[in-house]
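Please read the structure below before turning to the comments.
The values are calculated or read from the model by the stated rules, or taken from the named source; none is laboratory data. This structure is a prediction, so every number in the text was calculated from the model and none was measured. Backbone-built Cβ (ideal geometry, glycine too); neighbour counts: all protein chains shown. Areas reflect the complete protein model, heavy atoms only, side chains present, ligands, DNA and RNA absent. Shrake-Rupley method; radii C 1.70, N 1.55, O 1.52, S 1.80 Å.
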Amino acid sequence: MSRVFAIASNTFRESIRDKILLSLAVLGFLLIAASKVFVPISIGQQAKIIKDFGVGLIEIFGLLIVVLIGTRILYQEIERKTIYSIISKPVTELDFVLGKFLGLYYLIIVIQLILFSIFILFMKFYLGTIDWFLLNALYFYLFEFLLLDAVAVFLSCFTTPITAGILTLLVFFVGQLSHYLKDLVVVTGVSELSVLVNFLYFVLPNFSVFNVKANVVYHLPMSVNSYFLAFSYSILYALILLIISSLLYSLKEYQ
Amino acid sequence: MKVIEIKNLVKIYASPFMRKKSIGLNGLNMEVGEGEIFGLLGPNGAGKTTALKIITYLLKPNGGSVTLFGGVGSLEARKRMGFLPENPTFYRHLTGMELLQFYSRLYGRNPTRKELEEKLKVVGLKDSKDRRISGYSKGMLQRIGLIQTLIGDPDLLVLDEPLSGLDPVGRREMKDLIRKVNMEGKTVLFSSHILSDVEAICNRVGIIVDGKMKKVGYIGEILKSEIRYIDIEFEGMEKIDWLNEYGDLKKEGKVIYLRIKDTEKKDKVLKEISRRGGKIISVVPQRQSLEEHFIRTLNE
């Protein structure tokens, strides 16, 4: 595992020194600060809007990191030929893929923690109180982005960063609506769609498992099962994707 | 023990969207013994880099076999091998020191900063240890590239054009370092276009042409068997016209130079010079250079 952690910490360091991250960090900070703009125009709804806006923004920010950085981390290794000095060392394809995946995940964890901390400070500053229940969103986001990170790594095994980025976004948004997919056949009345819909329903990751924004903002009850499901579903699905990714990588050649 | 044993290696490059195929290796056979410095020569596109990349697991062969260290598994082989690619590129965001720390960890090692400083000192990069790789010159990249091959204390070094891009001083330092690690018991396989360097440091060379090994041999043997002419230097003779039939003649002051092209007549000429009162100063057989041999092999 030391090889995996070495690759992960190198990937993390590389991402931290990436200009894109700096731009995203500035953007994230500005957008959270912008929630102030909404406060005066919605008297009586201030708390709800700040919470809703903040929690949603942190999710979008995580999504941007995965799409803009996660889809490039593997491709860059090949494009810049730095992979030559990795694969020729005692490193398996699984070590490499896991290391890159974990490196990006370290980054996501750190950024999510920073953004939630900033968000908490904003709540304290504007609302005078902190809604600790919102931290439930952090738990679900961490597993959501664990899975999305694996999706990005998997897709970037066989596509360019731009294609992988678009596909990752697509998988994310379709996955959010996963539970509506089955209704599609009933609503449209086109029974021929059922094979495709069933395929998409079972194959695409179901990101609605992690969608708890309404629950955390409106303090709706959340079952213990939903916590367990988010944890187990995310890890299991990510593991399968990473194993397939490492198999795909073992077929690769570096000319 | 044979460190590398390659049998009938075939590599075909095929574009996934076009029917066009090109042959990288076409039945390459090659062996590298323990403790050798083996130089791989060949014109551009002959298959040198392809062979090295297959040995280092970057490419997969379409046929034939590569056996490393008598047949150990790929992970074990990679543990015992260091690779310097052609025109190496490393992580630009890391400093020289961080790069070596990273590569050390891939071997499960955790050397101290001081130990790594010593390694950087060997190639003259101690003062640049905290500079980012993005600021390194080509020569510096080549030097840190060689050090990273040694980071796992491997038994075999595979170096693809290790001397390219280096200035004369850098080339000399690199050659000295290759010789030094070889003296410490490491086997070295390297490719190069710079024939004089290959001639200077290799024990054995192989010439690849069109994906096949065209000639293999010890440098000494290849060059010894190819004496092209003999230069004789002598003095103390006035009448020398009779020597014109044996080769080119030149007189500078009292000293006379004769270049004999028919080397079998050497003894006869030497005997005659002595008999006529000449005093032999030197007899130097002129062998063909590796470059001449190389070009002749290509044309065969």
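Key figures
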{"read-out": "Matching residues, the range A:235-251, being surrounded by 16 or more Cβ atoms within 10 Å (Cβ to Cβ) and touching an Asp or Glu at 6+ places or on another chain (Cβ under 7 Å)", "value": "A:SER246, A:TYR249"}
{"read-out": "Residue, farthest from A:ILE86 (Cα to Cα), within the range B:171-196, restricted to residues that are part of a helix (DSSP H, G or I) and hydrophobic (A, V, I, L, M, F, W, C)", "value": "B:LEU195"}
{"read-out": "Residue in the range A:209-228 that is surrounded by the fewest Cβ atoms within 10 Å (Cβ to Cβ), counting only those that are at pLDDT 85 or above and among the small types (Gly, Ala, Ser)", "value": "A:SER223"}
{"read-out": "Any pair with Cβ under 7 angstrom, 6 or more apart, that starts in the range A:234-255 at a residue that is more than 12 Å from chain B (Cβ to nearest Cβ) and under 13 Å from A:LEU98 (Cβ atoms) and ends at one that is open to solvent by 50 Å² or more (accessible area, probe 1.4 Å) and in a helix (DSSP H, G or I)", "value": "A:SER246/A:LEU94"}
{"read-out": "Options A:PRO221, A:PRO205; residue that is within 19 Å of the chain's Cα centre (by Cα) and part of a loop (DSSP other than H, G, I, E, B)", "value": "A:PRO205"}
{"read-out": "Failed condition for B:THR67, given (1) of a type in the set (Val, Ile, Thr); (2) more than 10 Å from chain A (Cβ to nearest Cβ); (3) open to solvent by less than 30 Å² (accessible area, probe 1.4 Å)", "value": "(3)"}
{"read-out": "Count - residues of the range B:238-284 that are open to solvent by less than 100 Å² (accessible area, probe 1.4 Å) and among the basic types (Lys, Arg)", "value": "4"}
{"read-out": "Restricting the range B:200-217 to residues that are modelled with pLDDT of 85 or more and over 15 Å from B:GLY42 (Cβ atoms), the residue that is surrounded by the most Cβ atoms within 10 Å (Cβ to Cβ)", "value": "B:ILE201"}
{"read-out": "The lone exception for B:LEU75 - which of (1) more than 21 Å from the chain's Cα centre (by Cα); (2) among the aliphatic types (A, V, I, L, M); (3) open to solvent by less than 50 Å² (accessible area, probe 1.4 Å) it fails", "value": "(3)"}
{"read-out": "Pair list, Cβ under 6 Å, 6 or more apart: the range B:77-104 residue more than 7 Å from every other protein chain (Cβ to nearest Cβ) and over 24 Å from A:ASP18 (Cα atoms), other residue among the polar types (S, T, N, Q) and open to solvent by less than 10 Å² (accessible area, probe 1.4 Å)", "value": "B:GLY82/B:THR149; B:LEU84/B:THR149"}
{"read-out": "Residue count, the range A:48-73 (criterion: open to solvent by less than 40 Å² (accessible area, probe 1.4 Å) and within 14 Å of chain B (Cβ to nearest Cβ))", "value": "2"}
{"read-out": "Subset tally (residues that are assigned to a helix (DSSP H, G or I) and either crowded, with 21+ Cβ neighbours inside 10 Å or under 20 Å from the mean Cα position of the chain (by Cα) (or both)) for the range A:88-109", "value": "15"}
{"read-out": "Residue in the range A:118-133 that is under 16 Å from the mean Cα position of the chain (by Cα), more than 14 Å from chain B (Cβ to nearest Cβ) and of a type in the set (A, V, I, L, M, F, W, C) present", "value": "no"}
{"read-out": "The range A:13-40, subset open to solvent by less than 60 Å² (accessible area, probe 1.4 Å) and within 11 Å of chain B (Cβ to nearest Cβ), residue modelled with the lowest pLDDT", "value": "A:ASP18"}
{"read-out": "Enumerated helices (runs of 4 or more DSSP H) restricted to the range B:89-170, each holding at least 1 residues that are under 26 Å from the mean Cα position of the chain (by Cα), at pLDDT below 90 and surrounded by fewer than 18 Cβ atoms within 10 Å (Cβ to Cβ)", "value": "B:113-122, B:138-150"}
{"read-out": "Residue list for the range B:13-42, filter: out of contact with any strand residue (DSSP E or B) (no Cβ under 7 Å at 6 or more places or on another chain) and either in contact (Cβ under 8 Å) with a residue 12 or more places away in the chain or open to solvent by less than 80 Å² (accessible area, probe 1.4 Å) (or both)", "value": "B:SER15"}
{"read-out": "Candidate set: the range B:1-21, residues that are farther than 12 Å from B:ASN62 by Cα and over 23 Å from the mean Cα position of the chain (by Cα); chosen: the one modelled with the highest pLDDT", "value": "B:LYS21"}
{"read-out": "Within the range B:55-64, tally of residues that are more than 8 Å from chain A (Cβ to nearest Cβ) and open to solvent by 10 Å² or more (accessible area, probe 1.4 Å)", "value": "4"}
{"read-out": "B:PRO154 vs. criteria over 26 Å from A:ILE20 (Cβ atoms) and within 11 Å of chain A (Cβ to nearest Cβ)", "value": "yes"}
{"read-out": "From the options B:GLY206, B:GLY236, residue that is small (Gly, Ala, Ser) and more than 16 Å from the chain's Cα centre (by Cα)", "value": "B:GLY236"}
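Okay, residues lined up against (1) among the β-branched types (Val, Ile, Thr); (2) modelled with pLDDT of 90 or more:
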{"site": "B:ASN182", "(1), (2)": "no, yes"}
{"site": "B:LYS186", "(1), (2)": "no, yes"}
{"site": "B:VAL198", "(1), (2)": "yes, no"}
{"site": "B:LYS224", "(1), (2)": "no, no"}
{"site": "B:LEU249", "(1), (2)": "no, no"}
{"site": "B:LYS261", "(1), (2)": "no, no"}
{"site": "B:LYS265", "(1), (2)": "no, no"}
